[in-house]
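Notes for the one structure printed next.
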Amino acid sequence: MAKRLKCEDIVCTYCYERFSPLKLNMHYRLADGMVNPLHGEIPVEEEKPEEPETKEQVENEFRISSRRTSRRSAGAVNSAAKAIKGKRLDEKLFKFYTDRMGMGATEAQSRAMQNDFVEFDVDSPDIDYDATEWKTYGFAENIVYKGTKLKWICPYCHNPLVSGAGKKKMLLFSVIGDTNAGKTVYFSALQRLIGDNLLYIGNDDSDDYNFFSSGTRLPSSTNTKPLPSCTMMYLQKNPETGESEEYILIFCDIAGENCTSEEKLKRTAFNLPNSSGILFMIDPTRFETIATILGKKTNVEEDQHRLFTAVYNFFDAGGRKLKIPTAIVIGKSDVLRKHHYFDSDEDKKQYVLPYSESGKENIVDLNVTDKVDEVTRGFLKTIGKGVYNSNVDMIFDNKKYFLVSSLGYDPEREGDGNAIMPNRVEEPFMWLLFQNDAAYSHHSEKYTYRATGIKLMNTKLNKGIFSKIKGKEVEKDISFYYRKSEFETKLAQKRNEEAE
């Protein structure tokens, strides 16, 4: 039986294409002065490239040479490129800068003048690679071409791939919310709580967008153009073995100005289709009922409601529910404490009051998650916003509501000098990790069975003729940690172990 390769799908942190390196011709950027003979000599003349004619052409060209073909059959993909100062115009990179980043042709051409590239060829005498890496994963992250070490690049956009891609599970989280919904502030608060488990590994040219390391209390508004993502290494402790498991997390914060329009989303939210999870941020101070309590006037409440329409039309689901796990986060939950729905009920009020999130070891409590979802739905119905519940249920298949407060207080009413006390900030993030098998939950139950001495039949004694076999009833406590995909298997295993 063939050994299963340990390869994980790769997500490019620039163009957000998700792919398997086992199915593609992987590309590697050459060093200065090196030329790929398959692409011909570098021309000496400089010519301005033609801009793409239509968006459809660009999307199709992004996928040129995407399928993994014969190693030696790949033609001169870049043979028409022009050169300047010994470099070629990388057409894939040029299209990325013009279409995805919104740059003009002049700036895009300047940035896209790069060294040539080669494709991996396992039979080439000019290419050396780590044989152990190849046998373990089925690919080579780095190769040695004619004595020079090269690192791979994305086969779609020709930007660098993050270190460890393909070897560690990569999860892309997209954040949607209207302007001032608190998206970036939320991530700053999240970093404060789980920062010990995070390591920023983004590329140098995306440092400006690393909102995790900004160090500011209230980060500035997100740029309206598509941005490089914020890429982190995340360590998740296995509660049973105590060992740390590594994941690569990619966070993409979509500008609020682009979230309420289907057309704007299509021009900027290239990350959404390949998302592993969506954080859908809602600002409760936009609700008229809450704004009145706070002494504010609001005329932008309807903008938030358009978020659902924009997302639904963006995915063009054709009536089918979106399968991507989605956390609908009601932010600024501290302002809800004065509403009678929470203030008059201590059981409900506990979900909008500060509490300690330490000592939980990042375990997802699904009972609490279900309760918060129930309470939040009840609140929206109470203030006449039951339409939010209906829209969420119609659009998303795997979804939960969450109540969070990134600061623990309202800086507009209480000033900016209070101590920051984030409330329930981790819960939506950990739930999304759990939905992707990257976090653990805990299950415990009392399991009752009849001890008959018939070990092989114990698990079926409650059915058919075996139900008449008399035996002493025994009650056992079952307790275990599990990933989402492991629950049914582990539950059956634990019950069988107790019944033997």
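What the table below lists for this structure:
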quantity: Residue list for the range 122-180, filter: loosely packed, with under 15 Cβ neighbours inside 10 Å, among the β-branched types (V, I, T) and assigned to a loop (DSSP other than H, G, I, E, B); calculated: V122
quantity: Helices (runs of 4 or more DSSP H) contained in the range 268-345 and holding at least 2 residues modelled with pLDDT under 85; calculated: 288-293, 301-315
quantity: Subset of the range 170-182 [modelled with pLDDT of 95 or more and touching an Asp or Glu at 6+ places or on another chain (Cβ under 9 Å)]; calculated: M170
quantity: Per-region count, the range 419-466, residues at pLDDT below 85, in contact with a helix residue (DSSP H, G or I) (Cβ under 9 Å, 6 or more places away or on another chain) and over 30 Å from L193 (Cα atoms); calculated: 13
quantity: Any pair with Cβ under 8 angstrom, 6 or more apart, that starts in the range 248-274 at a residue that is surrounded by fewer than 19 Cβ atoms within 10 Å (Cβ to Cβ) and ends at one that is part of a helix (DSSP H, G or I) and among the polar types (S, T, N, Q); calculated: E262/T309; E262/N313; K264/N258; R267/N258
quantity: Given (1) touching a Phe, Trp or Tyr at 6+ places or on another chain (Cβ under 9 Å); (2) without any contact (Cβ under 8 Å) to a residue 40 or more places away in the chain; (3) more than 18 Å from V175 (Cα to Cα); (4) not hydroxyl-bearing (S, T, Y), number of the condition M232 does not satisfy; calculated: (3)
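The values are calculated or read from the model by the stated rules, or taken from the named source; none is laboratory data. Please read all numbers here as calculations on a predicted model, not as lab measurements. For neighbour counting, all protein chains shown are included, and Cβ atoms are generated from backbone atoms with ideal geometry for every residue, glycine included.
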